[in-house]
Amino acid sequence: MSSPETRGRFAPESGSGAEAAVHDRGLAMSRRQVGGVLLAAAALAAMPRLSSSATTENRVLPPARKTGGMPLMDALLRRRSTREFSERPLPEQTLANLLWAAYGVNRPSGDRTAPYWRHIMVVDVYAAMADGVWLYDPKQHALLRHLPDDIRAQTGLQDFVAAAPLDLVYVAHGDRMRDISADERRLYASVDTGFIGQNVYLFCASEGLATVFRGSVDYPKLAVRLRLDASTFVTFAQTVGYPKG
Ligand SMILES: Cc1cc2nc3c(=O)[nH]c(=O)nc-3n(C[C@H](O)[C@H](O)[C@H](O)COP(=O)(O)O)c2cc1C
């Protein structure tokens with residue numbers, strides 16, 4: 001008998017519906033604009049990098065809507081895993097709200113919507129979509145281009161991952177977790193990820209979106225596909241989209 005985790009077979013979607021990225025183009029700029037670009041470049045240069053292939057392309061997200069939504073108890077009542085997704089892309093505003101809910105900055109201190117081990121930020125949230133793989137930068141509330149390729153099909157071992165519009169991939173920086181064993185690194189990074197995953201579950205419940213947190217991942221293959229360096233590792237993945245039908 002198939003478990004819920006092996007159900008849900010979809011035909012992969014051919015790269016449709018991605019929102020337009022905001023690109024810096026080689027247009028003539030004023031001195032002020034040049035200053036702004038230099039500042040942005042400096043901020044991007046300070047961002048953690050997982051691989052030398054990452055580019056500095058920045059996709060600005062609209063400010064997240066941080067009020068409203070469903071009452072918490074109603075969202076808890078609706079929280080569930082769903083494994084049948086529509087291919088419909090997520091609107092940019094929904095993506096912005098989702099990423100902020102997942103692991104956005106919710107205080108002037110720079111702390112996040114999810115708790116994290118020893119006040120050391122270890123987990124990064126990557127968004128695999130039809131238009132490539134993006135690293136969510138919570139401070140700038142922006143997506144940084146990581147890879148230009150559609151790798152959704154490689155983010156998990158279940159068919160729906162290829163067709164759903166968004167696969168979140170949670171990546172941990174083991175090198176930031178000092179003086180503990182590899183097992184403890186995996187443990188604490190997984191707990192941090194679980195909190196983020198629950199934020200995503202509750203956001204999805206509130207917004208009528210479908211989601212499932214996933215450990216069914218070919219980890220070595222995904223690490224290679226994401227071009228992760230040796231000090232980083234994937235903890236889990238999570239698919240998000242509209243429910244099918
Ligand atoms: C650590 C963890 C790993 C999971 N991995 C998968 C997975 O790989 N594929 C999947 O379809 N569901 C996965 N799930 C979802 C569970 O199967 C699901 O939460 C459970 O069956 C209870 O269903 P519910 O979320 O609808 O309450 C995972 C859940 C957790 C907490």
Would you confirm whether any residue within region 188-207 is charged (D, E, K, R), at pLDDT 95 or above and touching an Asp or Glu at 6+ places or on another chain (Cβ under 8 Å)? no
Identify the residue in region 202-245 that is in contact with a helix residue (DSSP H, G or I) (Cβ under 8 Å, 6 or more places away or on another chain) and acidic (Asp, Glu) and, among all such residues, is farthest from Val125 (Cα to Cα). Glu207
Of the residues in region 178-234, those that are out of contact with any strand residue (DSSP E or B) (no Cβ under 7 Å at 6 or more places or on another chain), under 24 Å from Met70 (Cα atoms) and either among the aliphatic types (A, V, I, L, M) or within 16 Å of the ligand (Cβ to nearest atom) (or both) come to Gly194, Phe195, Gln198, Asn199, Leu202, Phe203, Ala205, Ser206, Gly208
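Across region 75-112, what is the number of residues that are more than 16 Å from the ligand (Cβ to nearest atom) and either in contact with a Gly (Cβ under 7 Å, 6 or more places away or on another chain) or not aromatic (Phe, Trp, Tyr) (or both)? Steps first, please.
Here is the first cut: in region 75-112, the residues more than 16 Å from the ligand (Cβ to nearest atom) are 86-101, 103-112.
Then keep just the ones that are either in contact with a Gly (Cβ under 7 Å, 6 or more places away or on another chain) or not aromatic (Phe, Trp, Tyr) (or both); that gives 86-99, 101, 104-112.
Number satisfying all stated conditions: 24.
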Odd one out for Val169, checked against (1) closer than 22 Å to His146 by Cβ; (2) without any contact (Cβ under 8 Å) to a residue 12 or more places away in the chain; (3) of a type in the set (A, V, I, L, M): (2)
What are the residue pairs meeting all of these: first residue in region 58-85, first residue surrounded by 12 or more Cβ atoms within 10 Å (Cβ to Cβ), second residue of a type in the set (S, T, N, Q) and not in a loop (DSSP other than H, G, I, E, B), Cβ atoms under 6 Å, and 6 or more apart or on different chains? Pro62/Gln93; Ala64/Asn97; Arg65/Asn97; Gly69/Ser206; Met70/Ser206; Ala75/Ser206
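Condition check ((1) under 25 Å from Arg214 (Cα atoms); (2) not aliphatic (A, V, I, L, M)) across all residues:
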{"position": "Val60", "(1), (2)": "no, no"}
{"position": "Pro71", "(1), (2)": "no, yes"}
{"position": "Ala75", "(1), (2)": "yes, no"}
{"position": "Arg78", "(1), (2)": "yes, yes"}
{"position": "Thr82", "(1), (2)": "yes, yes"}
{"position": "Thr113", "(1), (2)": "yes, yes"}
Which numbered condition in (1) away from the ligand (no atom under 16 Å from the Cβ); (2) closer than 30 Å to Ile180 by Cβ is the only one that Ala64 fails? (2)
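Quick check, is Gly156 surrounded by 15 or more Cβ atoms within 10 Å (Cβ to Cβ), of a type in the set (Gly, Ala, Ser) and more than 16 Å from the ligand (Cβ to nearest atom)? Steps first, answer last, please.
Numbers: surrounded by 15 or more Cβ atoms within 10 Å (Cβ to Cβ): yes; of a type in the set (Gly, Ala, Ser): yes; more than 16 Å from the ligand (Cβ to nearest atom): no.
No: the conditions fail for Gly156.
The values are calculated or read from the model by the stated rules, or taken from the named source; none is laboratory data. Source: prediction; values computed, not measured. FYI the Cβ positions are ideal-geometry reconstructions off the backbone, even for glycines, and counts take in every protein chain you see.
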